[in-house]
1. Please arrange B:Leu275, B:Leu399 by how many other C-beta atoms lie within 10 Å of their C-beta, fewest to most.
2. Is it possible to state the helix-based mean residue ellipticity at 222 nm for chain B, with each DSSP H run of 4+ residues giving -39500 (n - 2.57), the sum divided by total residues, to the nearest 500 deg cm²/dmol? What is it?
3. Sticking with the crude label model, points 7 Å out along Cα→Cβ, report the distance from B:Thr691 to B:Trp240 in nm, one decimal please.
4. Report, as an integer, the average count of C-beta atoms from other chains found within 10 Å of each Cβ along B:187-199.
5. Tell me, what ³J(HN,Hα) does each residue in region B:568-583 have, in order and in whole Hz, if you take phi through Karplus 6.51 cos²θ - 1.76 cosθ + 1.60 with θ = phi - 60° and put x for Gly and Pro?
6. Considering every residue in B:58-71, what mean count of other chain Cβ atoms within 10 Å of its Cβ is obtained?
7. If the cut-off is 15 Å between C-alpha atoms, which aspartates and glutamates fall inside it for A:Lys59, apart from same-chain ones fewer than 8 positions away?
8. With Cβ to Cβ distances under 14 Å as the rule, what net charge do the other residues near B:Asn52 carry (K, R +1; D, E -1)?
Amino acid sequence: MMRVAAFLSLLCAAGVLPAQNPASPPSPAPAASRFVGSNACKTCHADVWLNFYKNPHFKSIASGQEPPERTGCEGCHGGAKAHIEARGGKATIPHAFSLMPPQQVLEDCLGCHARDLSRSNIRRSEHTQNGVACTGCHSIHHSATPKYLLAKKQSELCYTCHAAIRSQFEMPSKHRVNEGFVQCTDCHNPHGAFTATWRMAQRPRMIEQAMGGESPCLKCHVDKRGPFVFEHPSVRVEGCEICHSPHGSMNAKLLKRPVVFTLCLECHNGGGDGTRNAGVDIQSARHNLLDPKYQKCTTCHVRLHGSNSDQYFLR
Amino acid sequence: MRKPFDIREVLWGRLATCGGWSIRLLLACASLSAQQVVAPTPEPVGPARGENSGNYNITQSFEIGYRWSLVNGDLGEYRSDVNYRNGLRLLAGSITINSKDGHGHYFDSIALNTLGLGNDPYQSASLRIEKNRLYRYDMLWRLNDYYNPGLTVAGGLHAMDTIRRMQDHEITLLPQSHFRVRAGYSRDTQTGPALSSALEFDATGSGLPIFSNVRREWNEYRVGADADFAGFKFTILHRWDFYKEDTPYSLAGVVAASALNPPLIPGAITDATVLQGFQRSEPNHGRNPGWLGNLFSSRKRWALNARINYTSGRNDFALTEAATGTGRLGGAASRQIAVLGDAERPMLNGEFTVSLFPTARLTVVNSTAVSNLRIIGPSTYSEINTGTDLGTSVFFRYLRDRLVTNTTTANYRVTDWIAFFAGYAYTDRLVRTEEGFAIPAFASTTNDAYETSNRLQTGRAGVRIKPVKPLTVTLNGEIGRANNPLTPISDGNYHTLGGRVDYRVKKLQLSTSYGQVYNVGAPGLVTTYSSHSRSYTASASLAPNSWFALDASYVKMHLDTVTGLQFFAGPIRPQLQSDYSSFYISNIHAVNFGSRFEIAKRADVYVGYSITKDTGDGRATAAPANVTDPIQSLLSGAQTFPLTYQSPLVRVSVRISAKVRWNAAWQFYNYGETFHLFGYDQNFNAHTGYTSILWAF
């Protein structure tokens, strides 16, 4: 039983290709004599091996050109000679992922996967800082998805920890994540992201930006992108979240307030002196808020996201 | 209570005038029913290992079925929130083909997945084709049937019934080599009818409904390469994108402003504006070519990552508009407007990150980012209003946004069971606007310049504790101090606190968390602002065996904000009001439950329920009865928005044979507002469902 468990764990995290990250904690230098080849592993781990040709990490075996420490099972788990001689056991696996601390798992995987631009900020990502390493989301041998070896369907995987976000996607107004139209990774990079260019660049984090470093909202909502002669500065500087709740809202159009005039007045409330050269404009003195037509700001200010024709966004 | 202007009446009227009686008939039939959200069926079908054909292994499954729905209540809100409708669908499809030795002739793997094809409101297809060492191609196609009645933002004058289609293609050549070439193409289109509004004849008139036929198109082309040399990984990417919009606008029926906004102020002059003729054409073409360069290296004791990104944006536009009708005071009115111009927005972003690993237990990361954008644009505006030539004005705006930020984080693993992390960040943001206008007929120019700078400093700290293997405890906090936020509701002086406990073993997962964000406006602002949000979560997942699984969660989210207000209002004429505040309170309780169980190894049953309920601040009516001040009554009515949205569902999947399953499901939606804030009942309930056959062949 011990042997079965040990061999299962041997292959349990294999796949992330080589484990020779220079930044990983010191480990014994790979010696060719410690490597026995993946064929030795399949003797006991036939269940894993039978489908391993469907695994992206099978490339390392198919290639036939990688060194032993970057090939197949041993590419991730290290040389298996000691493991075989001991007739199994997790303790004899050089890289038993279920026993490794998150940082070491990360370094092992980055040995090959650091080459991708999307993972270039992984060392300072929120996930890394909170001890969520690669195997927290990826299941190398029992993946539920055809791509990226995710342990579950993407939204369910994220919901596992982010229950509050899940509840937002079940609100009446939401991005269609549960319906399969939008994925979390359309807006977020779970491996860490470059510094945001909106708000004060410190929050939010883990946001996958559009190519120009802009808010990810503009990747789909291209009509809001501009450039406009008359940009709404708060949209440009503070980002869409200044008015919208991007995951979901109890209010229509993902707005933060149910009635639009309250949303507008919370900024346009006298921070400036009413002229255009002193900060946020106050509401116009001609607008009597008790008149119903002035309670629906966007009936006239239809181009709130930016306009080329009118500085007050009227057309 | 008066029913507000109903956009559906206008839309239907518009369809009729377009000769769309057949379309109306179809819409009427559709409104008798609705649909589901529970498909496709997740249960597997066919042999798990697939079938072999030559040197390839193939798995495939398809689920074809019929969706149905029955909607009671507000169809517009249903379409906005759910939008599943009747019809035959390919609910899901999946094909995988894998070469068994990794040496296929043209490809080594193909993975195709589809969802909702055949007129579902949310459709997608993803495809990956890969040949080891030679190429990898990824495609993603998506469609969203988007409907929104827009009651919140414009009293029902705005609506959209559009289709958005998005597609992304990416091919990588030599994906496993030290030199990789990438190329990509993306496209995003939005088309369909919509209603908007226009303010005509004078600045104190009313916004009146207009019709538009949305036509937007965006295309992006990308070419790039990655190269690994001497331990460095270099990425360069060039892209071109082109945006085009030529949405035409026209009259959406003759509507009097007095019908939309009857005067509620005693003695106020009735707004006599009527729009009887309207045409607007507003083509604009934009392009945003850009470059991205990235350099990355990771060594034993350090790693670095440098990025530079430049995008040059330009948008050329023109607008012509002609409106006729009756002015606010009852006289005949007409207006012609012509606008011409272009806007430019060059953006430059750079970032340099250094990571140090002095020991195996310590990681220190420092990152410096710089962002700079400028927006420059003239807009030439000409207007003739009721026979009076108002001449031509050239408007000019310059907006600069410069941001510099430096962040340092440290992560130290003391032992295998406890680790600390901490960080400090400093950001300086400068926003400068300069704008002016010139009237060529007169030798005068007026310019306004405004500049503001904000500095934010934040500190973060946290600890991770793992006393036993299945148990993880995380605590963290952050404090931020900004000296001059751009807006009253921006991050000012804030702090966050968070905590999380996870217990995970193979068959059981328990988790609970707490988080709060408390933000107050920075000193110096004219008005006060504070926002306090708290969230509590608890979730459990149990999967004791292969035939039973249970998943449940509870979330409580609280938000209260108070904002000092200044605005103009009065029972007779508008006067500056400074003694009022905007309060907003939201208390959301969300429950999610799902359980799957197997019956006699032949049938799988899934039972689920979700409810999201905002209890507001507990009041019984929107505006408390004891509030007699009309201004306070108006503000009180928007302080909270109780709403319940719930959805139970049941799904049954029966295995007919090794390759065939029969599935059926029912899902119910109930949307219930308590206060009917818009003077119109948007509540609905809907029974939706589907039945399908899932098979592999």
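1. In increasing order of surrounding Cβ atoms, one gets B:Leu399, B:Leu275.
2. The per-residue figure over chain B is -1500 deg cm²/dmol.
3. In this crude label model, B:Thr691 to B:Trp240 measures out at 5.5 nm.
4. 3
5. Working through the residues one at a time gives 10, 6, x, x, 10, 9, x, 10, 5, 10, 10, 9, 10, 10, 9, 9 Hz.
6. So the per-residue partner count for this stretch is 0.
7. Qualifying aspartates and glutamates at Cα under 15 Å: A:Glu69, A:Glu74, B:Asp101, B:Asp108, B:Glu130.
8. Once all neighbours under 14 Å are counted, the net charge is +1.
Read-outs throughout are calculated quantities, based only on the coordinates presented, and are distinct from any laboratory measurement. Owing to the predicted nature of the structure, the values given are computational and were not obtained by experimental measurement. Quick reminder, even Gly has a Cβ in these numbers, built from the backbone with ideal geometry, and neighbours come from all protein chains shown.
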